[in-house]
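Below is one structure, written out as structure tokens; the observations come after it.
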Amino acid sequence: MISPTVFFVAIVSSMLINNIVLMRFLGVCPFLGVSRKTESALGMSAAVTFVMLVASVLTYILYYLVLDPFGIEYISTIAFILVIASLVQLVEMFIKRFSQKLYKMLGIYLPLIVTNCAILGIVEINIRENYAVQYGFGAGLAVAVTSALGAALGFALVMFAFSSIRERLDAATVPESWKGVPISLVVAGIMALAFLGLGGIV
Amino acid sequence: MAEKKVAKNPMKKKKKNGRLDILTKGFIRENPIFIFLLGMCPALAVTSTMETGLGMGLLVILVLTGSNVVVSLIRNLIPEQIQIPAFIVVIATFVTIVGMLTEAYAFALHQSLGIFIPLIVVNCLIMGRATSFASKNKVSDSAIDGFGMALGFTFALMLIGATREIFASGAIALGVYLPLPFEISIINTEMYLFNMDVFAGPAGGFIVIGVLLALFTAIGNYRQKKKEAERQAWIEQKKKEAAERKRKKAMESAGDAS
Amino acid sequence: MFDKIKIAGILLVVGMVAGLAIVGVHTLTEDRIEENRLAMQYEDYVSIFPDMDLTNYEEKALDQDVLTTRITAYDSDGDFLGYIFIGESASYGGTNRVLVGVDSDGRIVKVILSQTQDTANIVQNVIDILDKFEGQAFGEVDYDAPSGATQSYDSIWRVVDAVSLMIEGDPTQEAFESVFEDADSYDVLFDHEDLAFVEEFNIRDADGTILGYAYEIDVDDENTVFLVVDQDDVFKGFVPKDAVDDETQAMIEAYDDHIDTPLVDIDPDTGDILEDAINDLKPLVETTTRVDYDIVVRYKDYIEDDEVVGVTYIVRTDGYNARMIGEVTIVDDELFSFVIRSHNESADWGAIIIDDGDLQEALIDADNPEDVDVKEYTTFDATSGATQTGEAMQRIVVAALEYHNEEGGQ
Amino acid sequence: MTEAIIAIITVALIVFIYIGSYVLNRRVPAPYQKVDEATCGACSNYACGVKQKLSEER
């Protein structure tokens with residue numbers, strides 16, 4: 001039996017210490033691209049959270065029930081990206097069919113997720129962590145999903161904070177050549193410095 | 001009267017050698033990182049040293065050239081409606097293969113790039129070239145385009161990597177990660193006291209790319225202003241010439257009338 | 001329709017070609033990748049023992065929580081260089097793989113963090129401090145933990161600690177080895193209360209066969225002695241754990257004459273704690289049938305007219321926090337009493353149901369203890385610790401009954 | 001050898017599923033929605049259906 005602290009550490013470390021955007025450099029494209037407005041940042045975060053959770057479950061099962069037993073781990077890259085891509089297609093289809101409201105909220109962001117390295121990155125990291133070997137298949141799945149949730153929350157946190165800063169930046173007087181992405185990157189660098197300090201938590 | 005030197009029309013495009021242009025446009029004019037902001041994740045993650053940046057660049061060269069060739073080859077075989085997913089399959093296959101080759105022949109590089117090798121799959125640059133160029137052009141042109149674009153990408157990664165490495169360690173080493181027969185430092189300032197570790201870390205990555213982007217934007221702005229000024233000057237001259245011609249004509253017609 | 005079939009066909013062809021290409025490259029590169037992975041391991045080995053002969057080393061898998069492998073290193077002349085212990089230990093980012101090199105004098109050569117998922121700058125803090133291990137002898141390892149890297153550092157420390165225990169030896173294990181040459185491992189059976197000895201151990205050889213039993217006696221705060229008997233309860237002497245003072249040594253030696261006599265035949269008259277221990281153990285030995293440590297120890301038979309009417313079983317299981325030991329008495333094939341003799345459950349959760357006693361009563365009264373719904377007795381906490389404590393208690397009763405029914409109370 | 005065949009079949013199967021789901025998704029029409037063209041133009045995603053629709057409309 002694994003103790004509850006494992007889950008706590010998994011959430012805290014993947015949300016704050018190994019923050020997916022600022023420490024692991026995953027999902028930088030949406031971080032820069034969709035963070036101009038707080039509203040769209042939150043929409044993107046919601047879509048990422050949902051897809052990330054489902055994708056970690058699916059790929060974990062695929063890896064430990066198919067790829068690992070047959071010794072064909074080497075096809076995991078192509079298998080994972082295609083699983084994520086088809087997942088996104090199916091989710092988009094269902095949302096289109098059954099909930100117009102939800103589609104209005106998430107519709108634009110769903111296709112963007114296929115090329116979001118955050119999802120594929122977290123899925124790969126979860127497999128590399130060997131949770132199934134450490135905790136057993138079932139508990140390992142729980143830990144993997146927990147740390148995926150932590151990563152998604154960390155993404156949402158940084159997206160929200162960054163979009164708020166950018167809304168202010170738009171109103172600030174910035175030298176001509178620094179306007180837009182360059183100054184945002186420097187701001188992101190300062191945010192990364194701040195997150196560096198969170199490393200002392202554990 | 002000596003003939004006045006006529007200013008060239010800056011708006012008229014210089015005639016360019018087609019293939020050479022395809023090859024070189026990725027360097028500055030259409031640089032994937034500095035101009036289009038494509039593939040920012042690897043640009044931040046694997047550029048703590050120049051050599052890892054170079055290594056990543058080499059892998060992208062292999063994948064992008066290969067996928068462009070294959071996409072261009074099969075562009076007429078695949079029905080329109082399933083083109084994009086078919087391209088993704090092609091790219092994912094190439095990435096898997098290149099990943100295995102790296103692990104076999106450049107193990108240190110494979111270890112240091114870590115999960116960013118499989119993540120080449122989701123690099124927008126590769127899919128972007130496949131849809132916007134390779135699916136519409138000949139095999140040879142697509143190959144050159146892929147190679148050139150990836151070369152520009154490599155150049156950008158190396159520039160970022162070199163900047164970060166020199167600030168972080170005061171030296172630039174080569175031969176640590178790539179399977180080269182030698183291991184040397186290209187530049188060594190020997191100023192160990194002034195090393196700033198933060199540049200090897202995440203914060204340094206963001207800041208360096210930000211500064212370099214601002215630099216590129218500034219250069220671009222300067223060029224554009226220069227071009228604008230040239231254009232203005234040319235228009236002024238043309239106007240003057242026209243006015244001159246008009247005056248002459250008027251004088252001639254006045255002379256005829258008299 | 002034809003269009004759809006065409007698309008499906010193309011899909012399959014694309015998939016097959018992609019799969020073929022990947023499999024092809026895999027078969028080409030497979031061996032080389034394997035070689036590279038080995039070479040990476042060797043690199044670590046060589047950084048510990050530069051003279052190590054990579055064609056001649058022994059690798060032994062260790063059956064231990066932290067340490068996974070022990071490598072015995074020789075130099076090119078075949079001379080023994082030392083051991084490399086490989087351990088895996090959890091940190092916040094994932095599992096850390098740690099290598100500890102130990103030379104033939106039992107000193108640490110080097111500690112290497114060979115694989116980690118922790119954040120780079122935290123890892124750097126830890127690596128900076130690893131040099132301090134170099135050259136230290138086990139038993140007196142001194143270290144400064146770096147600030148802000150607690151989890152990463154602890155995971156390394158756990159491995160060094162485990163190596164230390166393995167090199168320094170475990171005093172308990174060594175004491176047992178002085179009696180049984182083949183002694184390889186031991187388990188704590190259960191804690192005794194109100195007796196001269198406090199803990200009972202069994203001693204096993206490498207195959208897991210039980211060689212004998214030991215009872216820990218705390219003579220005073222500093223001197224600890226084991227009373228050892230073999231499988232047939234023949235007295236094997238008292239052995240000291242660690243070093244003992246002269247007085248205790250003299251007490252032990254007074255019993256040397258009795259070695260190899262059945263315990264029940266010993267009738268000492270020394271008046272010290274060792275005599276109490278023997279006197280306390282005698283009745284237990286007479287009535288105890290040991291089955292297996294993890295399942296059931298048949299403890300006491302109640303005999304009336306030469307017929308066994310009741311049996312007490314000691315059952316050990318894992319509770320929420322640690323080992324839990326229960327005593328189940330069965331009279332006339334029916335549950336008579338059930339007491340938890342020792343546990344380590346937290347006072348807020350698990351201990352509440354144990355102290356409460358309702359679950360014990362319910363288990364005794366039930367026709368079939370397996371059917372008792374533990375959750376009813378842990379309503380204050382439906383999710384975690386308490387439920388598991390309750391389930392452990394239920395397991396104890398069920399195991400005792402099962403064993404009793406199989407053996408027919410014989 | 002069986003391992004290789006399983007690998008090929010797995011890849012083919014996943015490709016089939018993916019492209020199948022893609023085709024199915026394309027057939028389901030998206031509910032009409034107003035898109036902020038300026039934000040949309042700044043994004044360089046190839047797979048974005050909204051963007052394709054916008055360019056078709058133009």
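Roughly how many whole Å is it from the C-alpha centroid of the stretch C:15-31 to that of the stretch A:86-138?
Answer, in whole Å: 27.
Treat each spin label as a single point 7 Å out from the Cα along the C-beta direction, and report the A:Lys104 to C:Leu165 distance in nm.
Calculated label separation equals 6.2 nm.
Note down the nm distance, to one decimal, between modelled labels 7 Å out along Cα→Cβ at C:Arg32 and at A:Ile190.
4.8 nm
Could you tell me which helices of chain B pass both thresholds, a Cα extent of 20 Å or more along their own axis and a mean Kyte-Doolittle hydropathy of at least 0.0, with helices taken as whole DSSP H runs?
Membrane-span-like by this rule: B:50-73, B:83-105, B:139-169.
Taking Cα pairs under 8 Å and at least six residues apart, what relative contact order does the stretch A:4-201 come out at, in percent?
42 percent
Would you please classify the overall shape of the stretch B:20-119 from the alpha carbon gyration tensor, given that a ≥ b ≥ c denote the square roots of the eigenvalues, rounded means a/c under 1.5, and beyond that prolate means a/b larger than b/c while oblate covers the rest?
Note, shape of the stretch B:20-119 comes out oblate.
Cα gyration tensor of chain B, axes a ≥ b ≥ c as square roots of the eigenvalues: rounded (a/c below 1.5), prolate (a/b > b/c) or oblate?
Working: a/c = 3.33, a/b = 1.70, b/c = 1.97.
Oblate shape, in that a/c is at least 1.5 and b/c is the bigger or equal ratio.
Name the residue, out of A:Ile127, A:Ile72, A:Ile17, whose mean-square fluctuation peaks in a Gaussian network model built on chain A with Cα pairs under 10 Å.
Maximum fluctuation in the GNM of chain A, among the listed residues, is at A:Ile72.
Pairs A:Lys96/B:Lys136; A:Lys104/C:Lys4; C:Lys60/C:Lys241; A:Lys37/A:Lys179; C:Lys110/C:Lys132: which exceed 20 Å Cα-Cα?
Working: A:Lys96/B:Lys136 31 Å; A:Lys104/C:Lys4 31 Å; C:Lys60/C:Lys241 28 Å; A:Lys37/A:Lys179 16 Å; C:Lys110/C:Lys132 9 Å.
Checking Cα-Cα distances, A:Lys96/B:Lys136; A:Lys104/C:Lys4; C:Lys60/C:Lys241 exceed 20 Å.
Let's test the formula: R0 of 35 Å, r as the Cβ-Cβ distance of C:Met16 and B:Val176. What FRET efficiency results, to the nearest 0.05?
On the way: r = 40 Å, r/R0 = 1.14.
Step by step, r from the Cβ atoms, then E = 0.30.
In debye, nearest 20: dipole of the protein assembly as shown around its Cα centre with unit charges on the Cβ of K, R (+) and D, E (-)?
17160 debye
Can you tell me which of A:186-194, B:225-233 comes out highest on packing, and rank the rest after it, using the mean Cβ neighbours within 10 Å?
For the peptides A:186-194, B:225-233, the packing ranking is A:186-194, B:225-233.
Considering Cα pairs under 8 angstrom that are at least six residues apart, work out the relative contact order of chain B and quote it in whole percent.
29 percent
Residue by residue through A:15-25, how many Cβ atoms from other chains fall within 10 Å of the Cβ on average? The partial results should precede the final answer.
Details: counts 0, 0, 6, 7, 2, 0, 4, 5, 7, 7, 13.
Per-residue shielding by partner chains comes out at 5.
What ranking, highest mean first, results for peptides C:329-341, C:152-164 when packing means the other Cβ atoms within 10 Å averaged over each residue?
Per-residue mean Cβ counts within 10 Å order the peptides as C:152-164, C:329-341.
Treating the beta-carbon of each Lys and Arg as +1 and of each Asp and Glu as -1, no other charges, what is the dipole magnitude of chain A about its Cα centre, to the nearest 20 debye?
Once rounded to the nearest 20, the dipole reads 520 debye.
Quantify how strongly other chains surround peptide A:89-99 by giving the mean number of their Cβ atoms within 10 Å of each of its Cβ atoms.
On the way: counts 13, 7, 2, 7, 7, 2, 3, 6, 3, 0, 1.
For peptide A:89-99, the averaged partner shielding equals 5.
Under DSSP H, which helices of chain A have Cα atoms covering 27 Å or more of the helix axis and a Kyte-Doolittle average no less than 0.0?
Sorted by number, the helices that extend far enough and score high enough are A:38-62, A:76-98, A:137-171.
With r defined as the distance between the Cβ atoms of C:Asp75 and C:Asn344 and R0 fixed at 41 Å, what FRET efficiency is calculated, to the nearest 0.05?
It comes to 0.30.
How charged is the neighbourhood of A:Leu106? Take every other residue with its Cβ under 11 Å from the Cβ of A:Leu106, and add Lys/Arg as +1 and Asp/Glu as -1. Can you show the working numbers first?
Numbers: positive: A:Lys96, A:Lys101, A:Lys104; negative: A:Glu92.
Surrounding charge for A:Leu106 is +2.
Cβ under 12 Å from A:Phe162's Cβ, A:Phe162 left aside: what net charge do those residues give with Lys, Arg +1 and Asp, Glu -1? Display every interim value, and only then the final one.
Working: positive: A:Arg36, A:Lys37, A:Arg166, A:Arg168; negative: A:Glu167.
Once all neighbours under 12 Å are counted, the net charge is +3.
Can you tell me the order of A:59-71, B:204-216 when each peptide is scored by its average per-residue count of other Cβ atoms within 10 angstrom, highest first?
On the way: A:59-71: 16.5, B:204-216: 22.0.
Packing proxy ranking, top to bottom: B:204-216, A:59-71.
Which net charge results for the neighbourhood of B:Glu51, defined as the other residues with beta-carbon distances under 11 angstrom from its beta-carbon, given Lys and Arg at +1 and Asp and Glu at -1?
Around B:Glu51, the charge tally is -2.
State to the nearest 20 debye the size of the charge dipole of the stretch B:131-258 about its Cα centre, where the only charges are +1 on K and R beta carbons and -1 on D and E beta carbons.
Values: 16 positive and 13 negative charges, 231 e Å.
It works out to roughly 1100 debye.
Taken together, the values in this text are just the output of simple stated rules run on the coordinates, not laboratory data. Remember, predicted model here, so these are calculated numbers, not experimental data. Counting neighbours? That spans all protein chains shown, and the Cβs are built from the backbone with ideal geometry, glycine included.
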